């Protein structure tokens with residue numbers, strides 16, 4: 001089963017690092033963010049990775065050329081200006097007609113990937129997202145049972161479960177993405193919500209995304225505490 005990682009954005013909110021490298025390559029505890037994300041998937045036996053690169057993607061490609069492991073890693077240039085949904089759509093041929101994992105290249109978690117996958121298969125929806133509970137500045141999710149009935153991107157006023165990434169996706173979902181400038185978190189996920197095809201796997205363990213230097217500093221402290 002393939003694991004798609006979105007790693008092509010500019011990372012402008014943490015530009016003190018991203019002037020030189022793409023955000024997923026920021027070093028934490030001796031390894032890039034993206035490596036830590038991939039390591040958790042590999043722990044559960046999922047080692048076939050497709051990295052959707054863009055901004056300074058050659059740095060990601062060069063890193064994995066030098067790594068010796070049993071992972072299969074394909075770094076694909078999906079364009080510097082392509083949005084999150086567009087990047088996934090561009091990988092349609094590489095993904096093929098099978099269920100796949102999808103996540104961002106800047107969010108680290110100790111999520112149990114096998115439980116997430118089993119949850120997705122049991123609920124039989126087009127897409128499952130992982131819902132977490134940090135400060136409400138990401139995609140806001142309301143859940144009834146296991147079904148998402150409200151999704152709004154980057155709400156600053158509401159509190160509760162938020163979009164933590166770590167998706168499981170059926171290939172049919174890609175039909176909801178129309179073009180390069182489509183944000184995954186807007187039309188596609190909102191449409192999936194309206195038609196009852198978005199479910200939420202609740203994760204109450206560790207989760208930390210790196211959006212700003214403050215986030216990065218928090219993550220470094222967490223690694224020091226193991």
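Look at the alpha carbon pairs under 8 Å that are at least 6 residues apart: their mean separation over the length of the stretch 22-119 gives a relative contact order of 35 percent. You can think of it this way: the chain between residue 80 and residue 115 has 9.2 nm of extra reach, that is 0.36 nm per residue less the Cα-Cα gap. Remark: the residue 202-residue 153 segment gains 15.9 nm on full extension, using 0.36 nm per residue and subtracting the alpha carbon distance. Arranged from fewest to most other beta-carbon atoms within 10 Å of their beta carbon, 120, 69, 36 become 69, 36, 120. Pairs of alpha carbons in the chain separated by more than 31 Å make up 13% of all such pairs. Note on the stretch 171-226 and the stretch 1-63: Cα centroid distance 15 Å, given to the nearest whole angstrom.
Among 172, 38, a tally of other beta-carbon atoms within 10 Å of each Cβ gives an order, fewest to most, of 172, 38.
FRET efficiency for residue 98 and residue 17, Cβ-Cβ distance as r, R0 = 35 Å, nearest 0.05?
Calculated transfer efficiency: 0.50.
Note on residue 68 and residue 221: with the Förster distance fixed at 25 Å, the Cβ-Cβ geometry gives a FRET efficiency of about 0.25.
Computed from the coordinates by the stated procedures, all read-outs in this text should not be read as laboratory data. All values derive from a computational prediction rather than experimental measurement. Because the Cβ atoms are built from the backbone with ideal geometry, glycine has one as well, and the counts that use them run over all protein chains shown.
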